[in-house]
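Colleague: Encoded as structure tokens, here's the structure I'll be asking about.
Each reported figure results from applying straightforward, stated rules to the coordinates on display, with no laboratory input. Computed from a predicted model, the values in this text were never measured in an experiment. Every residue, glycine among them, receives a Cβ derived from its backbone with ideal geometry; neighbour counts consider all protein chains shown.
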Amino acid sequence: MKGVSLVISSPVWGMVLKSGPVVKLDILVLLILSVMSWTIIFFKYFQLRRIEREDRNFLADCREGLGVKEILALAKRYRRGVVPVVFSELQRWFLLFREGGEMEEQWTDVARQRVLLERERLNSYVGFLATVGNTAPFIGLFGTVWGIINAFQRIGLQGSASLAVVAPGISEALVTTALGLFVAIPAVMGYNFFVGKLSKIEERAEGAAYLLVRILEGKNEEE
Amino acid sequence: MKGQEVNKGIWFLSFMLALLLHGVVGAGMFFWHPSMKRPVIYSPSFTVALYSEAPTPTRPPQKGTVAVKRSSAKVQKGKSAVSKAWKVKGKKASRVKKPAPRKKISSKAKRKALLEKALAKVEKEVVMGGLSTGREAIEIRYKKYYDEIWRRVKASWILPEEILTGGSNLFAVVVVRIARDGALMETKLDKSSGNEVYDQSCIRAVKKAAPFPPLPKGYPQRYMELGLRFRPWQ
């Protein structure tokens with residue numbers, strides 16, 4: 001009972017409770033979208049952070065003057081980073097086509113394909129952030145428009161048009177717009193952040209893979 | 001396979017973090033009030049609730065008639081009654097900025113430093129019906145005027161719809177000062193209901209209802225002060 005009165009006395013929650021079913025549904029949808037997008041933001045952050053760390057550590061280890069064999073063995077141990085995965089893939093193909101001779105273009109293609117696959121994997125769910133960022137304001141706006149329609153209807157029934165009568169309904173309706181923006185802003189920011197991060201990871205992996213291809217080729221010619 | 005497991009853990013952690021974030025923000029909404037700052041106004045002599053629950057003319061008229069009608073001895077008694085009233089109010093009263101005459105009274109009472117004695121005097125007075133009958137008479141005399149004012153204010157009172165439907169028990173006291181010719185001299189929010197919109201609607205109602213009919217004849221003071229109590233269901 002005390003909790004209920006607390007809810008009513010709070011202006012924001014009181015407004016939410018007093019609003020109609022459509023507006024409530026609107027708010028519920030926005031809340032679900034918000035929780036989902038924040039879950040994705042946190043998840044992607046942890047995931048990409050881990051991958052970047054692995055990549056960096058792997059490349060740092062590679063610079064210690066190791067031979068190709070050792071580097072490839074090292075790549076097997078680092079399994080989560082993008083660069084080690086691409087290296088392992090290259091090694092597999094290298095073993096398959098050992099006798100193939102000079103095929104730099106093919107190697108590069110193999111590397112690029114693997115990088116793209118990895119990017120695809122890491123890119124999953126990021127698109128959802130963009131969707132939320134674009135649609136949440138509209139969903140909120142829908143709630144507002146609906147609320148204002150109802151508010152004007154009630155005002156009409158009351159037969160008075162003073163500010164005291166008009167304003168509360170409109171302010172009640174505007175809650176959903178605020179909520180929509182509240183949901184959209186972090187989603188858009190997260191989307192841009194992750195897109196930037198992903199392209200960085202991709203570039204790093206491609207560069208490293210290209211280097212390895214050159215090394216492998218040299219080795220191939222030697223043998 | 002192992003990576004899948006790890007991902008699941010991270011998904012779960014992220015979901016919990018997201019829920020936590022929303023919970024914190026949602027709970028913060030409970031405590032965030034746009035009209036949080038609530039001015040504490042202790043206006044000098046508007047202690048309406050001190051004497052009676054019924055909406056009555058406030059103290060200034062009473063004080064005036066006491067001064068005019070009573071003999072000096074009785075004035076003394078009346079004063080002690082007033083001082084008792086202040087004592088009943090206790091510490092709060094001492095914090096209130098009192099108008100000059102009453103200050104003098106209370107200091108006098110202090111000089112006596114015998115609360116018992118004062119109480120005995122008041123008791124005697126109540127038994128004799130000295131002061132209280134006077135007050136009642138005044139109440140009856142001005143009740144009609146008060147009712148008229150209240151009727152007019154109510155007629156021009158527009159309640160925000162959300163409060164009407166909300167069924168909340170808001171309560172505001174607005175003190176109105178009316179000049180002899182019925183002109184509105186001053187409106188002051190004496191007790192805020194805590195809801196700014198509600199308070200404003202009350203004050204607006206008073207301003208809209210002005211000017212009022214002239215004060216009843218024989219009213220001793222230059223102006224009359226009324227405490228209007230606004231409750232949503234009225």
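Colleague: Going through the DSSP H helices of chain A, which span 30 Å or more along their own axis at the Cα atoms while scoring at least 0.0 as a mean Kyte-Doolittle hydropathy?
Modeller: On the way: long enough: A:21-62 (61 Å, 0.64); A:126-158 (48 Å, 1.00); A:163-222 (88 Å, 0.68).
Once both thresholds are applied, what remains is A:21-62, A:126-158, A:163-222.
Colleague: Counting only C-alpha contacts under 8 Å and six or more residues apart, can you give the relative contact order of chain A as a whole percent?
Modeller: Details: 218 pairs, mean separation 70.2, N = 223.
Contact order relative to length: 31 percent.
Colleague: Okay, next question. Which pairs break 23 Å Cα to Cα here: B:Lys143/B:Lys188; A:Lys69/B:Lys8; B:Lys188/B:Lys217; A:Lys18/B:Lys154; B:Lys144/B:Lys208; B:Lys144/B:Lys217?
Modeller: Working: B:Lys143/B:Lys188 21 Å; A:Lys69/B:Lys8 33 Å; B:Lys188/B:Lys217 25 Å; A:Lys18/B:Lys154 26 Å; B:Lys144/B:Lys208 20 Å; B:Lys144/B:Lys217 13 Å.
Where the Cα-Cα span goes over 23 Å, the pairs concerned are A:Lys69/B:Lys8; B:Lys188/B:Lys217; A:Lys18/B:Lys154.
Colleague: So which trypsin sites (Lys or Arg not before Pro) in the range A:30-69 end up in coil per DSSP with only 11 or fewer other C-beta atoms within 10 Å? Show your work: numbers first, answer last.
Modeller: Working: sites: A:Lys44, A:Arg49, A:Arg50, A:Arg53, A:Arg56, A:Arg63, A:Lys69; in loops: A:Arg63.
Answer by residue number: A:Arg63.
Colleague: Moving on. Fully extended, how many nm does the chain gain between B:Ala155 and B:Ala179 (0.36 nm per residue separation, minus their Cα-Cα distance)? Could you put the intermediate results ahead of the total?
Modeller: Working: separation 24, 0.36 × 24 = 8.64 nm, distance 2.09 nm.
In short, 6.5 nm is gained.
Colleague: Whole-Hz Karplus ³J(HN,Hα) for the range B:173-179, in order, using 6.51 cos²θ - 1.76 cosθ + 1.60 and θ = phi - 60°, x for Gly and Pro?
Modeller: For the range B:173-179, the Karplus curve yields 10, 10, 9, 10, 10, 10, 6 Hz.
Colleague: Which far-off residues, 5 or more places away or on another chain, put their amide H under 5 Å from the one on B:Ala172, with H placed in the peptide plane?
Modeller: B:Phe230
Colleague: Please build a GNM for chain A, connecting alpha carbons under 10 Å apart, and tell me which residue among A:Gly133, A:Gly207, A:Gly159 fluctuates the most.
Modeller: Looking only at A:Gly133, A:Gly207, A:Gly159, the biggest GNM fluctuation is shown by A:Gly159.
Colleague: Please arrange B:Asp190, B:Asp181 by counting, for each residue, the other beta carbons lying within 10 Å of its beta carbon, fewest first. Could you put the intermediate results ahead of the total?
Modeller: Details: B:Asp190 21, B:Asp181 11.
So the residues, fewest neighbours to most, are B:Asp181, B:Asp190.
Colleague: Report relative contact order for the range A:127-223 in percent, whole number only (criteria: Cα-Cα under 8 Å, sequence separation at least 6).
Modeller: Contact order relative to length: 40 percent.
Colleague: Sticking with this structure for a sec: Please sort B:210-218, A:144-152, B:170-178 by packing, taking for each peptide the average over its residues of neighbouring beta carbons within 10 angstrom, highest first. Don't jump to the answer; show the numbers that get you there.
Modeller: Numbers: B:210-218: 13.6, A:144-152: 17.7, B:170-178: 20.6.
So the peptides B:210-218, A:144-152, B:170-178, ranked by packing, come out B:170-178, A:144-152, B:210-218.
Colleague: Would you mind checking which residues have amide H under 5 Å from B:Gly182's amide H? H placed 1.01 Å from N; only 5 or more apart, or other chain.
Modeller: B:Leu215
Colleague: For the pair A:Gln153/A:Arg214, report the inter-label distance in nm, with labels modelled 7 Å from Cα in the Cβ direction.
Modeller: Placing both labels 7 Å beyond Cα along the Cβ direction yields 7.1 nm.
Colleague: With each pseudo-label sitting 7 Å past Cα toward Cβ, what's the B:Phe31-A:Glu52 distance in nm, one decimal?
Modeller: Calculated label separation equals 3.3 nm.
Colleague: More than 18 Å apart: what percent of Cα pairs in the range A:153-204 qualify?
Modeller: Values: 779 of 1326 pairs.
Value for the range A:153-204: 59 percent of Cα pairs lie more than 18 Å apart.
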